[in-house]
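What follows is a single structure, and I will ask about it in a moment.
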Amino acid sequence: MSESAAQSGLRNGATAVVNESYSFACMRCGHGWEQSYEIEHHTDAGGREFVLYVADGRIVPSPLSRPTCPNCDNHLVRIMRPGRVASVREAADRPHRAPHAGPPEESAEPKEPRERHWHLSDLLHAFQRKAS
């Protein structure tokens, strides 16, 4: 899922450390966030390999196993490639002009274009699945 799988310096007995980033969107409340992880590859005393996910200097569960929304604690979370939430937020911050539907109005006073205020949940609507 990550576009940045670069090898970084080894630490804490890790045999390899890989950096990965993900975007997340909660399908329940519409909250979106991004997180980067250092994935440390280790070998235990018995020779078995395992990985530790580290985010913000803390060991955390794998974001791929059961992600949790930090806003509502729900586990119905969509995982996307990095940068998706940031691009949606940038689009939401830009002024939007809706095309005028119907014949043009003639008025003596020119009207100011109305801005639409976008919410992340509006933009994530396409990702939500319909219940069957």
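Step through the residues of segment 64-73 one at a time and calculate ³J(HN,Hα) from phi using the Karplus curve (6.51 cos²θ - 1.76 cosθ + 1.60, θ = phi - 60°), rounding each to whole Hz and writing x for Gly and Pro.
With coefficients 6.51, -1.76 and 1.60, one gets 8, 7, 7, x, 10, 5, x, 8, 10, 6 Hz.
Order 54, 60, most accessible first, counting only protein heavy atoms with a 1.4 angstrom probe.
60, 54
Describe numerically, in nm with one decimal, the distance between label points set 7 Å from Cα along Cα→Cβ at residue 71 and at residue 16.
Here the answer is 3.6 nm between the modelled labels.
A further question on this structure: Along the Cα→Cβ direction, 7 angstrom out, place labels at residue 48 and residue 64. What is the inter-label distance in nm?
Those two pseudo-labels are separated by 1.9 nm.
The values are calculated or read from the model by the stated rules, or taken from the named source; none is laboratory data. Just so it is clear, the model here is predicted, and its values are computed rather than measured. We place every Cβ from the backbone using ideal geometry, glycine too, and count neighbours over all the protein chains shown. Calculation scope for accessible area: heavy atoms of the full protein, side chains included, ligands and nucleic acids excluded. Shrake-Rupley method; radii C 1.70, N 1.55, O 1.52, S 1.80 Å.
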